[in-house]
Amino acid sequence: MAKEIERKFLVASDGWRSEADRGTCLLQAYVVTMDDRSARVRLMDDERAKLTIKISNGSMTRDEFEYEIPVADAKELMSKAIGRIIEKTRYEVKHGGFVWEVDVYSGAHEGLVIAEVELSAEGDTPDLPVWLGAEVTGDLRYSNQFLSINPLVSMKDHELSYSPL
């Protein structure tokens, strides 16, 4: 079992793009969703798949169990998803000794762009890139689990100022 410790931010500009990798297309669906836990399936570039179980203890640290699964199994599980399938492209950006994951959403959440950084301890203080907007760590409205069952009504509702290229 691994521990997931992360901070999450809205993205305010496209300043990250020049430092980003080529990106990975992700489809993500939830087969179990509860207040403090979830089970999700993720398909990456239609070539690899993972099943992930996350259990929260109320802080920014969560228990995370993650397993590679066959792509065919992932597609079958996605057909049984609760809510909608999350569609996004994830880019990795190295900054200040940390790897930031920038998720550019499409589909039902078109226009939403969120950056996350995984930490080794809750007390870690990564240098924050200038292209970040408001911190949304712990704001459940920006969790993929929440987004899978709630639409992003408009960019204004979520105070997004980012406009993708």
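Look through region 141-165, keep the residues that are at pLDDT 70 or above and not in a loop (DSSP other than H, G, I, E, B), and return whichever of them is surrounded by the fewest Cβ atoms within 10 Å (Cβ to Cβ).
Among residues in region 141-165 that are at pLDDT 70 or above and not in a loop (DSSP other than H, G, I, E, B), the one surrounded by the fewest Cβ atoms within 10 Å (Cβ to Cβ) is ARG141.
Looking only at region 32-46, which residues are in contact (Cβ under 8 Å) with a residue 24 or more places away in the chain, surrounded by fewer than 16 Cβ atoms within 10 Å (Cβ to Cβ) and in a strand (DSSP E or B)?
VAL32
Suppose we filter GLY138, GLY133 for residues that are in a strand (DSSP E or B) and in contact with a Ser or Thr (Cβ under 9 Å, 6 or more places away or on another chain); which single one remains?
Answer to the check: GLY133.
Quick one: is LEU51 surrounded by 15 or more Cβ atoms within 10 Å (Cβ to Cβ), modelled with pLDDT of 95 or more, within 21 Å of LEU112 (Cβ to Cβ) and not charged (D, E, K, R)?
Considered against the rule, which asks whether it is surrounded by 15 or more Cβ atoms within 10 Å (Cβ to Cβ), modelled with pLDDT of 95 or more, within 21 Å of LEU112 (Cβ to Cβ) and not charged (D, E, K, R), LEU51 comes out as no.
Restricting the search to region 88-121, which residues are at pLDDT 95 or above and of a type in the set (Asp, Glu)?
Residues satisfying the conditions are GLU92, GLU101, ASP103, GLU116.
Can you tell me which residue is surrounded by the fewest Cβ atoms within 10 Å (Cβ to Cβ) among those in region 97-125 that are aliphatic (A, V, I, L, M) and in a strand (DSSP E or B)?
This residue is VAL99.
Does any residue of region 12-25 turn out to be surrounded by 14 or more Cβ atoms within 10 Å (Cβ to Cβ), closer than 17 Å to ILE86 by Cβ and touching a Leu at 6+ places or on another chain (Cβ under 6 Å)?
no
Assigned to a loop (DSSP other than H, G, I, E, B) and modelled with pLDDT of 95 or more: which single residue out of LEU26, LEU128 fits that description?
None of the others qualify; the one that does is LEU128.
Keeping to region 47-96, report how many residues are touching a residue at least 60 places away in the same chain (Cβ under 8 Å) and either outside any strand (DSSP E or B) or farther than 17 Å from GLN145 by Cα (or both).
Within region 47-96, residues that are touching a residue at least 60 places away in the same chain (Cβ under 8 Å) and either outside any strand (DSSP E or B) or farther than 17 Å from GLN145 by Cα (or both) number 8.
The values are calculated or read from the model by the stated rules, or taken from the named source; none is laboratory data. Note that the structure is a prediction, hence the values are computed from the model and not measured. Cβ atoms come from the backbone with ideal geometry, glycine included; neighbour counts cover every protein chain shown.
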